[in-house]
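Enquirer: Structure below; questions to follow.
The values are calculated or read from the model by the stated rules, or taken from the named source; none is laboratory data. The structure displayed is predicted, hence computed values, not measured ones. Note that we place each Cβ from the backbone using ideal geometry, even for glycine, and neighbour counts take in every protein chain shown.
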Amino acid sequence: MSTTPQATLPFGVLLRVFLRSLFLQASWNPKGMQNLGLAYAVYPALAALYPQGPAREEAVRRHLVFFNTHPYVAAAIVGGVINHEERIARGEETPDKVVAFKAALMGPLAALGDGFFWLSLKPATGAVSAALVPLLGVWAVPLFLVLYNLVHLLLRVRLYRLGLTLGDRLVEAVARANLPARGARLRAVAAASAGGVAAWLAVSFGANAGGLYAPLLAAGCLALGVASYVLVSRRVPNYVVLYVAAGLACVAGAFL
C-alpha cells in the first residue's frame, strides 16, 4: 500500500488500469451511468499516486461524478485522466483540470465512437463475414469475432496510449486519425458485401427454382444497388431513386 505519492506510474499499474477499463459498463447505473466503472478503472493509479487518506479519497470522489461516453473510445479519456492525475500529484495543476477534461471530451468522443464502431465497423465486418458464408460456412462466425475484436482492441490500446502521453492534446491526434473518413470506407465495404450476398442468394435460389434468368436478375440487382448508392451520394432525391427502381422492377417482371 502506497505511503508516499509517486510522480510517474509503472507499466504494471498502467496495464491494470487498461484491463479494468474493459469493464467500464459493468456497474452502469441511471444516475452516474459509467462513473463507477471509471472510478474502478483508474483506482490502481490513484492508489499509487496518493497516500491512503484524504488526498486519495478526494481523488476517488472527483471520478464519481456523472460520466458517459462510448465504451471503446473511453480508453482515450481514461489515459488522459491518468495523465492529469500524475500532474496533479506532482503539484503542476489543480484537480479541476481533470474534471473539465472529462466533461469536455465525453460527448464528442461518444458521437465519434458511435459513428465508427456501431455504424461502420460492426456492419462492415458482419457483411464481409456473411458474404463468406458460402465458402466458410459456420466458420464465418469466428471470423466476424476475430475481425471486429482485433480492430476494436487495437484501437482501444492506441487511444489509451494517446491519452497517457498527450493528455489534453489527444484531441489533435484523434482528429488526425480521421475516424469519420475511415468509417465511410467501411460502410462502402459493408454495402458492397451486402450486395454480393444478395446477388449470390438470387442466383442460388433462382437456379434451385429453375429460373433461367437468375444470373441476369442478380446482376441487375447488383447494378441497381450501385446506381442507387451513386445517386444518393450525389444528393439525388430519394423518390427519384425509388421511381427508377420500381420502373426497372416492372421491366424485369414483364420480360423475365
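Enquirer: Is it the case, given these coordinates, that residue 163 is at pLDDT 90 or above, small (Gly, Ala, Ser) and under 30 Å from residue 98 (Cα atoms)? Quick ask: steps written out before the conclusion?
Expert: On the way: at pLDDT 90 or above: yes; small (Gly, Ala, Ser): yes; under 30 Å from residue 98 (Cα atoms): yes.
So residue 163 fits the description; yes.
Enquirer: If you go through region 135-151 one residue at a time, how many are in contact with a helix residue (DSSP H, G or I) (Cβ under 7 Å, 6 or more places away or on another chain) and either under 16 Å from residue 20 (Cα atoms) or of a type in the set (S, T, N, Q) (or both)?
Expert: Adding up the residues that qualify gives 0.
Enquirer: Something else: Scan region 111-138 for residues that are small (Gly, Ala, Ser), surrounded by 17 or more Cβ atoms within 10 Å (Cβ to Cβ) and under 10 Å from the mean Cα position of the chain (by Cα) and jot them down.
Expert: 113, 115, 120, listed by residue number.
Enquirer: Determine whether region 4-23 contains at least one residue that is basic (Lys, Arg) and surrounded by 21 or more Cβ atoms within 10 Å (Cβ to Cβ).
Expert: Of region 4-23, the ones basic (Lys, Arg) are 16, 20.
Filter again for surrounded by 21 or more Cβ atoms within 10 Å (Cβ to Cβ), leaving none.
No, there is no match, as no residue in region 4-23 is basic (Lys, Arg) and surrounded by 21 or more Cβ atoms within 10 Å (Cβ to Cβ).
Enquirer: Where in region 1-84 are the helices (runs of 4 or more DSSP H), entirely inside, with at least 2 residues that are in contact with a Lys or Arg (Cβ under 7 Å, 6 or more places away or on another chain)? I'd like the intermediate steps shown before the answer.
Expert: On the way: elements: 11-21, 35-49, 54-61.
Here the list reads 35-49.
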